[in-house]
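The values are calculated or read from the model by the stated rules, or taken from the named source; none is laboratory data. This is a predicted model, so every value here is computed, not measured. Ideal geometry is used to build each Cβ from the backbone, glycine not excepted, and the neighbour counts take in all protein chains shown.
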Amino acid sequence: MIVYNVTVKVELDVHDLWLKWMKEEHLPRVLETGCFTDAKMFRILEEDTRDGISYAMQYFAKNMTDYFEYKENHAARLQKEGLDMFPGKFQAFRTLLREV
């Protein structure tokens, strides 16, 4: 199993709107690509939240082929939606994990 992990820190002034968008629109759209079997969203605890709140989204793919399908054919479009809706209001970094 492959886990595509996206960690995001979102600014407080857009947090509630961003969280609603993530849960109701973005996560379902990523799953609609068919590249992932499941997705989970976690709030990161024990952090200083004065300048934002952090989350980790984990998307589960059966194999690297499915992940690369997402990356090559869907990722740019779906990431752009967030950048357009919340310009400069969040920071994201991505990691790819393999279950051992």
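Data for the structure
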{"quantity": "Residue check for Glu69: of a type outside the set (Phe, Trp, Tyr), surrounded by 13 or more Cβ atoms within 10 Å (Cβ to Cβ) and free of Cβ contacts under 8 Å to residues at least 60 places away in the same chain", "calculated": "yes"}
{"quantity": "Cβ-Cβ under 8 Å pairs, at least 6 apart or on other chains, the range 44-56 side free of Cβ contacts under 8 Å to residues at least 60 places away in the same chain, far side part of a loop (DSSP other than H, G, I, E, B) and surrounded by 14 or more Cβ atoms within 10 Å (Cβ to Cβ)", "calculated": "Asp51/Glu11; Gly52/Glu11"}
{"quantity": "Test: residue in the range 75-89 that is in contact (Cβ under 8 Å) with a residue 12 or more places away in the chain and exposed (fewer than 12 other Cβ atoms within 10 Å of the Cβ)", "calculated": "no"}
{"quantity": "Elements of type helices (runs of 4 or more DSSP H) in the range 1-83, at least 1 residues being touching a Ser or Thr at 6+ places or on another chain (Cβ under 7 Å) and under 19 Å from Phe93 (Cα atoms)", "calculated": "64-73"}
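Each row is one residue, and each column tells you yes or no for (1) in contact with a His (Cβ under 8 Å, 6 or more places away or on another chain); (2) under 18 Å from Leu97 (Cα atoms); (3) surrounded by 14 or more Cβ atoms within 10 Å (Cβ to Cβ); (4) modelled with pLDDT of 95 or more.
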| position | (1), (2), (3), (4) |
| --- | --- |
| Leu12 | no, no, no, yes |
| Asp16 | no, no, no, yes |
| Glu24 | no, no, no, yes |
| Thr33 | yes, no, yes, yes |
| Asp38 | no, yes, no, yes |
| Met41 | no, yes, yes, yes |
